[in-house]
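Shown next, in structure tokens, is the structure this report addresses.
The values are calculated or read from the model by the stated rules, or taken from the named source; none is laboratory data. What you see is a predicted model; the values in this text were computed from it and never measured. FYI the Cβ positions are ideal-geometry reconstructions off the backbone, even for glycines, and counts take in every protein chain you see.
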Amino acid sequence: MVKPFSPTSSAIAWDRDGASVTPPQPWGCKGAFTTIRVEGASPTPLFLHAHLARLEESACLLEIKAIVSQVQIRKHIETFLHSTQFPTPFLVRVCLHEDCLALYARPANPTDPELSARILRHLRPVPEAKSTFDKELYGRLGELDIGKEDFLIVHPTDDRVLESATSNLLFAQDNYLVVPEEDILPGIVLSQLLLSKNTFEIERRSPTLDELVDFNEIILCGSGREVVSLATIPEVRWQRSSQKNLLKLQKTFETVKVGE
């Protein structure tokens with residue numbers, strides 16, 4: 001069952017004419033979305049330009065005609081940030097539906113250092129787009145204690161490990177990284193990490209479940225979690241045995257954020 005929006009969340013929506021409407025429950029409705037992290041004493045959305053570009057691209061891939069421009073979305077986000085009572089950091093989900101623009105805010109709760117993953121065999125209908133219609137995936141997030149758990153998304157026919165429900169994945173052993181490239185959403189945090197100068201040897205592919213024993217770190221990166229690592233995947237008896245690359249990538253990302 002999908003968790004309803006609670007007193008620890010807030011939401012607002014506008015129709016194509018700019019009139020306020022009731023924010024819809026997004027999962028299962030046709031729409032594109034992106035989730036933005038907001039930080040700072042004066043609440044500032046990180047990588048806003050990249051998020052709005054990705055929202056527009058997702059809408060195009062999903063054949064959703066935008067009812068507002070990027071400039072209008074920026075203005076709505078700015079207004080929303082001033083009205084939101086959450087202390088930073090918090091997250092804003094921007095949903096572009098066929099008949100409305102909706103914004104939802106919630107606290108950016110920290111990820112438990114002992115984060116575990118549950119296997120979910122699933123292939124998103126349009127992997128390169130963030131779609132609110134994918135209720136089979138996003139509608140199941142309510143099953144998780146999201147600070148302590150995530151779904152590890154595995155291709156339903158060939159056992160390739162693609163991404164998590166919240167983040168992109170990097171599989172690490174020494175200075176060698178394997179980074180999925182096909183059948184995934186190319187995330188904004190991941191793109192920032194890959195653009196930064198580093199000493200890693202990188203291979204772009206998705207390992208299979210059987211190959212996970214070859215890696216001593218599985219690192220997640222995304223707007224909500226930022227850069228964290230899995231501690232365990234009980235179903236395949238995988239356990240983390242290092243955090244060396246996690247610490248390197250966390251340091252890199254903090255540098256990237258300072259330059260944002």
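Against the definition (over 22 Å from C60 (Cβ atoms), free of Cβ contacts under 8 Å to residues at least 12 places away in the same chain, part of a loop (DSSP other than H, G, I, E, B) and of a type outside the set (A, V, I, L, M, F, W, C)), how does D158 come out, yes or no? Outline the logic, then answer.
Details: over 22 Å from C60 (Cβ atoms): yes; free of Cβ contacts under 8 Å to residues at least 12 places away in the same chain: no; part of a loop (DSSP other than H, G, I, E, B): yes; of a type outside the set (A, V, I, L, M, F, W, C): yes.
No, not satisfied.
For segment 227-260, which positions are assigned to a loop (DSSP other than H, G, I, E, B) and surrounded by fewer than 16 Cβ atoms within 10 Å (Cβ to Cβ)? Give the steps one after another, and end with the answer.
Filtering segment 227-260 down to residues assigned to a loop (DSSP other than H, G, I, E, B) leaves 230-231, 237, 240-243, 259-260.
R237, S241, S242, G259, E260, listed by residue number.
Return the residues of segment 17-35 that are of a type outside the set (K, R), under 23 Å from R106 (Cβ atoms) and out of contact with any Lys or Arg (no Cβ under 8 Å at 6 or more places or on another chain); say none if nothing qualifies. Give the derivation first.
Filtering segment 17-35 down to residues of a type outside the set (K, R) leaves 17-29, 31-35.
Filter once more, keeping what is under 23 Å from R106 (Cβ atoms): 20-29, 31-35.
Answer for segment 17-35, where residues must be of a type outside the set (K, R), under 23 Å from R106 (Cβ atoms) and out of contact with any Lys or Arg (no Cβ under 8 Å at 6 or more places or on another chain): S20, V21, T22, P23, P24, Q25, C29, G31.
Report whether or not A102 is of a type outside the set (D, E) and not assigned by TED's automatic domain parsing to the domain that holds I184.
Values: of a type outside the set (D, E): yes; not assigned by TED's automatic domain parsing to the domain that holds I184: yes.
Taking the combined requirement at face value, the residue satisfies it.
Limited to segment 137-165, what total is found for residues that are modelled with pLDDT under 95, surrounded by 15 or more Cβ atoms within 10 Å (Cβ to Cβ) and of a type in the set (G, A, S)?
Counting residues in segment 137-165 that are modelled with pLDDT under 95, surrounded by 15 or more Cβ atoms within 10 Å (Cβ to Cβ) and of a type in the set (G, A, S) gives 1.
Can you report the number of residues in segment 87-105 which are charged (D, E, K, R) and surrounded by 20 or more Cβ atoms within 10 Å (Cβ to Cβ)? Quick ask: steps written out before the conclusion?
Taking segment 87-105 first, the residues charged (D, E, K, R) are 93, 98-99.
Applying the additional criterion that residues be surrounded by 20 or more Cβ atoms within 10 Å (Cβ to Cβ) yields 93.
So the count comes out to 1.
Could you run through segment 221-255 and say how many residues are under 16 Å from the mean Cα position of the chain (by Cα) and under 28 Å from G40 (Cβ atoms)?
Taking segment 221-255 first, the residues under 16 Å from the mean Cα position of the chain (by Cα) are 221-230, 253.
Applying the additional criterion that residues be under 28 Å from G40 (Cβ atoms) yields 221-229, 253.
Summing the residues that are under 16 Å from the mean Cα position of the chain (by Cα) and under 28 Å from G40 (Cβ atoms) in segment 221-255 gives 10.
Kindly provide the set of residues from segment 28-49 that are outside any strand (DSSP E or B), under 16 Å from D134 (Cα atoms) and of a type outside the set (D, E, K, R), ordered by number.
G28, C29
Can we say V71 is touching a strand residue (DSSP E or B) at 6+ places or on another chain (Cβ under 7 Å) and modelled with pLDDT of 95 or more?
Details: touching a strand residue (DSSP E or B) at 6+ places or on another chain (Cβ under 7 Å): no; modelled with pLDDT of 95 or more: yes.
Against the criterion (touching a strand residue (DSSP E or B) at 6+ places or on another chain (Cβ under 7 Å) and modelled with pLDDT of 95 or more), V71 does not qualify.
Given the options T34, T44, name the one that is in contact (Cβ under 8 Å) with a residue 60 or more places away in the chain and either farther than 11 Å from A102 by Cβ or touching a Gly at 6+ places or on another chain (Cβ under 6 Å) (or both). Let's see the steps before the verdict.
Numbers: T44 fails: in contact (Cβ under 8 Å) with a residue 60 or more places away in the chain.
Result of the check over T34, T44: T34.
Kindly indicate which of R240, R205 is among the charged types (D, E, K, R) and within 29 Å of D134 (Cα to Cα). Show your work before the answer.
Details: R240 fails: within 29 Å of D134 (Cα to Cα).
Unique residue meeting the criteria: R205.
Is it the case that some residue within segment 219-232 is among the hydroxyl-bearing types (S, T, Y) and in contact with a Phe, Trp or Tyr (Cβ under 9 Å, 6 or more places away or on another chain)?
Restricting attention to segment 219-232, the residues satisfying the condition of being among the hydroxyl-bearing types (S, T, Y) are 223, 229, 232.
Narrowing further to those that are in contact with a Phe, Trp or Tyr (Cβ under 9 Å, 6 or more places away or on another chain): 223, 232.
For segment 219-232, residues among the hydroxyl-bearing types (S, T, Y) and in contact with a Phe, Trp or Tyr (Cβ under 9 Å, 6 or more places away or on another chain): present.
Within segment 96-125, which residues are among the aliphatic types (A, V, I, L, M) and within 25 Å of R16 (Cα to Cα)? Show your work before the answer.
Initially, segment 96-125 is screened for residues among the aliphatic types (A, V, I, L, M), giving 96, 101-103, 105, 108, 115, 117, 119-120, 123.
If the condition is that a residue be among the aliphatic types (A, V, I, L, M) and within 25 Å of R16 (Cα to Cα), then L96, L101, A102, L103, A105 are the ones that fit.
Mind checking whether some residue in segment 58-72 is touching a helix residue (DSSP H, G or I) at 6+ places or on another chain (Cβ under 7 Å) and touching a residue at least 12 places away in the same chain (Cβ under 8 Å)? Don't jump to the end; show me each part of the working.
Here is the first cut: in segment 58-72, the ones touching a helix residue (DSSP H, G or I) at 6+ places or on another chain (Cβ under 7 Å) are 66, 70.
If we keep only those that are touching a residue at least 12 places away in the same chain (Cβ under 8 Å) as well, we get 66, 70.
The answer is yes, given that some residue of segment 58-72 is touching a helix residue (DSSP H, G or I) at 6+ places or on another chain (Cβ under 7 Å) and touching a residue at least 12 places away in the same chain (Cβ under 8 Å).
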